[in-house]
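Right, one structure below, let's go through it.
The values are calculated or read from the model by the stated rules, or taken from the named source; none is laboratory data. Small disclaimer: the values here were computed from a predicted structure and weren't measured. Note that each Cβ is placed from the backbone with ideal geometry, even for glycine, and that neighbours are counted across all protein chains shown. Accessible surface areas use protein heavy atoms only, side chains included; no ligands, DNA or RNA. Shrake-Rupley method; radii C 1.70, N 1.55, O 1.52, S 1.80 Å.
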Amino acid sequence: MARILIIDDDSLSRYTLARILESEGHEVMEAENGSVGMAAARDEAVDLVISDIIMPQMEGIETIAALRKLDPDLPIIAISGGGSLAEKVPLQHARVLGATHALPKPFGPKQILVLVRDSLNSTG
Amino acid sequence: MPLGVAVGIPYVGVVLLCWWLNSVLCLIAIAALCSLLAAAGYFYGPPPAEDWAALTNRGFAILAIWLTASLLLHAKTERTVQPRSQSALKPGVPQGNRAAAGVKQAPASAAGARGEPRDALSGSEAQLRAVFDTVVDALIITDAYGIVRDCNPSCCRMFGYRAVDLIGQNVSVLMGPPFSRDHDAYLRRYREGGEARIIGTGREVTALRQDGTLFPVELSVGEVLYGETQLFVGVMRDNSERKATIEALRRQALIFEQMSDGIIVTDLEGRISDWNPAAKHMFGYTRQEVLHNTPSILHHPAEAEELRLEIVEGVNRTGEWRGEINFVRKDGSQGVCETHVLPLYDVSGELIARIGVNRDLTERKEAEKAQMALQQQVYQAQKIDALGNLVGGIAHDFNNALLPIIGLTELTAPLLPKESKERTNLHKVLDAAYHAQDLVRQLLTFSRQDPPDRRPADIAEIVHDAIRFLRAGLPSTIEMIEQLDDATGFVFVDATQIRQVIVNLATNASDAMIQSGGVLRIGISAVELDTGKLANLEPGPYFRIDVTDTGRGMDQATIERIFEPFFTTKPANKGHGLGLTVAYGIVRGHNGTITVASEVGQGTRFSVYLPRAADENPGAGR
């Protein structure tokens, strides 16, 4: 099982992701924005990061770029609400900047768990 | 009496007999012969008593002969004028001679006062003199050197000279350039070679008044021979007014011919009596075709009589009629013109005709209509773009909200017993959430947040695929006609999305005819768009996909809102109002647009414009 860091400003999204991941036996850490998430990634041993794209303080794109700089091998899944004009393109940028996968919200447990397994296997 | 003197008497008698001869040369010849005979008598006659006296007497005789001949010659020259042209001024010539000799011009009718014995003038001479003095045209008599010998009062009035100032001057003072310069040379050629350009013919020349002003005159010249004296009679008519009138008429005719307004002149019976080229251009009929017709040929039969009465009444009541008229051209096409009808009166104030001035407003009206349609399109596009941005923002929050609903419900439901009510309830929640997810996805398509996967594709294939898909679900009351032969070629599009556009439009069209049945046409044409032809579109080559139905059509208010999200004319639960919204969003995402034309009861046509790919086969070689 893996230690997975969820970075999302929406508490309900964090809660949902945590329950889905826990159902597979993963250990979940939560961060409400990019800065907190970066601190957690630096301080804790993290196997995978799931990060929203649109967030206050540190935008998702910057968070992903900073995480990739911190650990070039760290698997990252970028997620997004996919609504505003500025969001769809950053989701693609996130992949370019090093996100292993990108997934638009909303999604069910199966979709995210497939990507989690795939990300962990590719690095493990 | 000395013999020498006596001999002279018969010779003088012989010379006097020459009065009845018309020939001057004969007179001179006889005088010379008599002189010779008188001289010969001295040499061949009996010797005189005194030689010097005989010679003197013979000399006197010869002198008497020549004196008599000279008097006869002078008398004949004074009395005889032989006309050689159309001139009828025989009686005026003596006066001219007197004038040339320095005699002052006397009042016109007072022949006696001029020193002529009244009885010396014949009745006809007096009449001709009166004509000369009173005729309206200017008359002038000159000699072979161009010196003015006489002129009539009209000539003085015309040129501003007094007769006494003019007589004795060269006639060229009355001529404007280049005639004044050339006149002397002309006379010389005439004297030397007999070249006569204007004798007996009329021509227009430029004349010069004493005050220096130039004016046109019509001049005719006649030649007369007065004894051995050659004279010319010039008749002049001031052409200034006539020329001004002709020029004014010419200018007015030019205006009539060249003005851009169509002018129709009708007589009092309402028949067309004139028609300018602009009217031909405007209405398509030639002047010959409309002459003696009434203007009703230019109007719908149902409107023609009422319009005619309105115009006639308006002109009679207020002196004019103005209004906009719908007209029908010769080829059957229609137009609009602004018409101003005025009465035309003759010099006595009698109404003789009506003039209609027609300004073609067709192009202007069409341009205004197109401009309004364009503004409407811009407004529509701006409104829909604003809605798209709004929807995009809301969709983000919707997706965030849907994540826990879908995620947690999917996570929880399998944990409940399979047939339990709770698990069934959760599945209902999931159905609702998936539906909401689908709506959000469609809204995002409308707001163009989902970039199309664009590839080169054959437009005809895309449309044909969509039609094949549509045929399966079309009710038998609706006939579908495919018109794809007009244009084929490539577009750079997301084929799936464009198929969806056609399916959405065709479904909408089909729904409009579901009860009554009808015809659904789908066609493609290649078009070139000019600048400003359609709002938000760059000029250039496009494909236009027309989806036309014969359904119930839409009013203007419905057309204005037709692309708005959730706007629908369908019954509740029959449509969510996103089909056209999504279609519009997709097409705008491909740098195209959709226009709609509809009339209530007539049907609707949606036209999808998509940019044509520059290369006929843009995928080739990749």
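Just a few scattered comments:
- Number of the exception - A:Glu62 against (1) in a helix (DSSP H, G or I); (2) under 24 Å from B:Ala401 (Cβ atoms); (3) among the charged types (D, E, K, R): (2)
- Being in a helix (DSSP H, G or I), within 60 Å of the chain's Cα centre (by Cα) and in contact (Cβ under 8 Å) with a residue 24 or more places away in the chain is a property that does not hold for B:Leu430.
- Residues of the range B:218-229 that turn out to be under 22 Å from B:Leu72 (Cβ atoms) and part of a strand (DSSP E or B), as a count: 3
Matching residues to (1) in contact (Cβ under 8 Å) with a residue 24 or more places away in the chain; (2) crowded, with 18+ Cβ neighbours inside 10 Å; (3) of a type in the set (A, V, I, L, M):
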position: B:Gln371; (1), (2), (3): no, no, no
position: B:Gln376; (1), (2), (3): yes, no, no
position: B:Ala381; (1), (2), (3): yes, yes, yes
position: B:Ile384; (1), (2), (3): yes, yes, yes
position: B:Asn389; (1), (2), (3): yes, no, no
position: B:Ile394; (1), (2), (3): yes, no, yes
position: B:Ala401; (1), (2), (3): no, yes, yes
position: B:Gly407; (1), (2), (3): no, yes, no
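- Across the range A:66-88, the qualifying residues are those that are more than 8 Å from chain B (Cβ to nearest Cβ) and in a helix (DSSP H, G or I), and the one among them that is modelled with the lowest pLDDT is A:Ala86.
- Flag if B:Thr362 is open to solvent by less than 60 Å² (accessible area, probe 1.4 Å), of a type outside the set (Gly, Ala, Ser) and closer than 30 Å to B:Val596 by Cα: yes
- Positions within the range A:14-52 being open to solvent by 20 Å² or more (accessible area, probe 1.4 Å), at the interface with chain B (Cβ under 10 Å from one of its Cβ atoms) and touching an Asp or Glu at 6+ places or on another chain (Cβ under 7 Å), in sequence order: A:Arg14
- Test: residue in the range B:474-485 that is closer than 24 Å to B:Asp385 by Cβ and either part of a loop (DSSP other than H, G, I, E, B) or not small (Gly, Ala, Ser) (or both): no
- First in the range B:499-527 and assigned by TED's automatic domain parsing to the domain that holds B:Leu484 and farther than 18 Å from B:Tyr584 by Cα, second anywhere and surrounded by fewer than 21 Cβ atoms within 10 Å (Cβ to Cβ) and among the basic types (Lys, Arg), Cβ under 6 Å, 6 or more apart: B:Ala512/B:Arg552; B:Ser525/B:Arg544; B:Val527/B:Arg544
- Among the residues of the range B:473-512, the one identified as among the aromatic types (Phe, Trp, Tyr) and either under 12 Å from B:Glu461 (Cα atoms) or loosely packed, with under 14 Cβ neighbours inside 10 Å (or both) is B:Phe490.
- Test: residue in the range B:408-426 that is among the aliphatic types (A, V, I, L, M) and within 30 Å of B:Ile559 (Cβ to Cβ): no
- Number of positions in the range B:334-368 that are hydroxyl-bearing (Ser, Thr, Tyr), farther than 16 Å from B:Val312 by Cα and touching a helix residue (DSSP H, G or I) at 6+ places or on another chain (Cβ under 9 Å): 1
- Test: residue in the range B:25-46 that is in contact with a Lys or Arg (Cβ under 9 Å, 6 or more places away or on another chain), β-branched (Val, Ile, Thr) and modelled with pLDDT of 70 or more: no
- Criterion (in contact with a helix residue (DSSP H, G or I) (Cβ under 8 Å, 6 or more places away or on another chain) and in the same structural domain as B:Val429 (by TED's automatic domain parsing)) met by exactly one of B:Ala401, B:Ala373: B:Ala401
- Failed condition for B:Asp546, given (1) part of a loop (DSSP other than H, G, I, E, B); (2) open to solvent by less than 30 Å² (accessible area, probe 1.4 Å); (3) at negative phi; (4) touching a Gly at 6+ places or on another chain (Cβ under 6 Å): (1)
- Taken over the range B:350-359, the criterion of being within 22 Å of B:Ala278 (Cβ to Cβ) and either part of a loop (DSSP other than H, G, I, E, B) or open to solvent by 60 Å² or more (accessible area, probe 1.4 Å) (or both) is satisfied by B:Arg359 alone.
- Of the residues examined, B:Ala185 is not one that is surrounded by 14 or more Cβ atoms within 10 Å (Cβ to Cβ) and either closer than 18 Å to B:Glu223 by Cα or more than 42 Å from the chain's Cα centre (by Cα) (or both).
- Flag set for B:Leu309, criterion: exposed (fewer than 14 other Cβ atoms within 10 Å of the Cβ) and farther than 30 Å from B:Ala207 by Cβ.
- Hey, B:Ser476 closer than 20 Å to B:Arg521 by Cβ and of a type in the set (S, T, N, Q) or not: yes
- Residue satisfying all of: in the range B:440-470; open to solvent by 40 Å² or more (accessible area, probe 1.4 Å) and within 12 Å of chain A (Cβ to nearest Cβ); modelled with the highest pLDDT among these: B:Arg441
- Top-ranked residue in the range B:409-426 [being surrounded by 14 or more Cβ atoms within 10 Å (Cβ to Cβ) and either touching a Ser or Thr at 6+ places or on another chain (Cβ under 7 Å) or more than 12 Å from every other protein chain (Cβ to nearest Cβ) (or both); ranked as farthest from B:Phe567 (Cα to Cα)]: B:Leu416
- Applying the set (1) modelled with pLDDT of 90 or more; (2) within 14 Å of B:Asn400 (Cβ to Cβ); (3) open to solvent by less than 10 Å² (accessible area, probe 1.4 Å) to A:Ser11 leaves exactly one unmet item: (3).
- Any chance B:Gln556 is under 46 Å from the mean Cα position of the chain (by Cα), in the same structural domain as B:Ile459 (by TED's automatic domain parsing), open to solvent by 10 Å² or more (accessible area, probe 1.4 Å) and free of Cβ contacts under 8 Å to residues at least 60 places away in the same chain: yes
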